[in-house]
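First comes the structure, then the notes that go with it.
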Amino acid sequence: MVSPTDVDDDRRRLLAGVGVAAFGDVSLGERGGDGDGRGGSERNGDSDDDTGERSGVHPDWRTRGFDAGNTSYNHATTGPTERGLPTWHFWEFTTGPVVADGTVYVGGRGGWGDDRTSDGVYAVDPETGERKWEATFEDASFGRPTVFGGTVYAFGSEDVLYALDAATGEERWRYADAANVGTPVVADGTVFLGGRERLVALDAETGAHRWEYGTTDGIAYSPAVRRGRVFASEGTWRTSEHRLHAFDAATGERRWTYEYPDDCEFVRTAPTVGEGTVFVGGGSHDIDKGLGRVVALDANTGEVAWSWVGDEPMNQTMALAHDTLYVPTKGAFTALDATTGEERWQFAVDSADRNPMARIDRFSPPAVVGDTVYVGGYDAAVYALDARAGTCRWRYALGETSRASSQPAVVDGTVYVACDHLYAFSETGDASVEANFVFENTGPGPEHEIRVGRRVTFWGRLTTGR
């Protein structure tokens, strides 16, 4: 295990405790769930004006990271814990899903090349996988949508943000200069966009421009919003300097800036904001500098509480629940104590279970529901891990040559996962086996062709979702 940087114990307790009432100049709201207060269970910025609900209380998964603080934790719903079996699949090329008000929303392409039919957003029935409606864009939509206040916010690939009616898919407005990076974040009636040249705040109802922060180095990923503060990382993998900024959400005034260490060569994650603490991740390409890095900062001042350095690259957004920070890295999935940064457990895919067609051994951003962590693998598999112990409760191999790199969405006993196509898993799904394969002709002549009556050998692994 890797020890965190030494930090005064009294300040650690201050950052982690319930006494951090001054964060964002707003007093603490009600607690919920298991009472740890770190997983977004108190009143959060993404729900103050838009839904009238408290983050962590509604069962929907309306945005990437679950809430505007990117905690990726919801204690108010359930997921399959004993097994995960497929209930349906949606055969369009899709991005990661979100779920709101009885509908699953995904962005994506309707095929590739000459077979491509349309680009835009799909609304899907969560029970059957049938398409409810489709909104066609002039350009492709690869980013995950966000749904709040009856509106779907989705990026097109040509830097356009679309606002659609969630019930019909009709366009309400568009913002044509988004320069998007990541996922739209909605909080307190405002849409926040991370871009290649600036951070932008728009009126969620009309799309009117409210404020922006310009930067030559670009915003690394989606921002995070909590208690009237916006947190955004500046700098991409192409730049040598990286910073985390805290802004006033209403005015765009910058409150503080944290400079990443010189050995942090890239930042590819969205910030995760807990109770008085913001967590950011990055890394280095140099093994001697430590490939993965997580830093915990005081959300009011930007002062460092602790830092953790791991052995593998860290380039996916984390989750925060049960006083634990869940960190996906290449080759392993690590749980850190959110107060001290000490490692609690680590999970790695057994070599016997790895898909030989997978290009790389990594994990998607995690989703935490109850005491289970749901995560997709770059080995085209879905994992359910015990949140306290790190043991694998069940695994389901999708059999794809692609990767399940998008964060799952978990609502009402079902896990929704994108791996090129959209899949739904529950404990009562179909246990039958479906085989999909692609034949590649490895040479000329009839001996390399598949013909009726000719013996063919397949490689495969049977999975039961247990």
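Entry comment: accessible area of region 300-348 is 27 Å² per residue, from protein heavy atoms only and a probe of 1.4 Å. If R0 is taken as 60 Å, the Cβ-Cβ distance between TRP91 and TRP256 corresponds to a FRET efficiency of 0.80.
At 1.4 Å probe size, with every protein chain present, just tell me what the per residue accessible area of region 177-221 comes to in Å². Intermediate results must be reported in sequence, preceding the final value.
Numbers: 1560 Å² over 45 residues.
Result: 35 Å² of accessible area for each residue.
Considering only protein heavy atoms and a 1.4 Å probe, what is the carbon-and-sulfur percentage of the accessible area of region 362-431?
37
Taking θ as phi - 60° and the Karplus parameters 6.51, -1.76 and 1.60, the scalar couplings of region 186-197 work out to 10, 7, 6, x, 10, 9, 10, 10, x, x, 5, 10 Hz in sequence order, x denoting glycine and proline. Whole-Hz Karplus values for region 64-69 come out as 4, x, 6, 10, 5, x Hz, taken residue by residue from phi with 6.51 cos²θ - 1.76 cosθ + 1.60 and θ = phi - 60°; glycine and proline positions read x.
Percent of accessible area on region 292-339 owned by carbon and sulfur, 1.4 Å probe?
On the way: 370 of 910 Å².
The value for region 292-339 is 40 percent carbon and sulfur by accessible area.
Annotation: amide H-H contacts under 5 Å for LYS132 (H modelled 1.01 Å from N, sequence separation of 5 or more, or interchain): ALA123, VAL124, ASP125.
Each residue of region 164-174 was assigned a 3J(HN,Hα) from its phi angle through the Karplus expression (A = 6.51, B = -1.76, C = 1.60, θ = phi - 60°), giving 10, 5, 5, 8, 10, x, 5, 6, 9, 6, 9 Hz with x at Gly and Pro.
Using 0.36 nm per residue of separation minus the Cα-Cα distance, give me the extension gain between GLU130 and ALA348 in nm, one decimal.
On the way: separation 218, 0.36 × 218 = 78.48 nm, distance 3.51 nm.
Full extension of this stretch gives 75.0 nm more.
Full extension of the chain segment joining ASP386 with TRP173 gains 72.4 nm, where the gain is 0.36 nm per residue of separation less the Cα-Cα distance.
What does the extension gain come out to for GLU241 and ASP159, with contour length at 0.36 nm per residue minus their alpha carbon separation?
Working: separation 82, 0.36 × 82 = 29.52 nm, distance 2.47 nm.
This chain segment gains 27.1 nm when fully extended.
Taking R0 as 35 Å, what FRET efficiency do you get between ASP101 and ASP311 from their Cβ-Cβ distance, rounded to the nearest 0.05? The pair ASP101/ASP311 has a calculated efficiency of 0.25.
Extending 7 Å from the Cα toward the beta-carbon at both GLU197 and HIS209 defines two label points whose distance is 1.1 nm.
The values are calculated or read from the model by the stated rules, or taken from the named source; none is laboratory data. Quick caveat, the model's predicted, so the values are computed rather than measured. A quick note on method: Cβ atoms are made from the backbone with ideal geometry, for glycine too, and the neighbour counts reach across all protein chains shown. These accessible areas exclude ligands, DNA and RNA; they are computed on the full protein's heavy atoms, side chains included. Shrake-Rupley method; radii C 1.70, N 1.55, O 1.52, S 1.80 Å.
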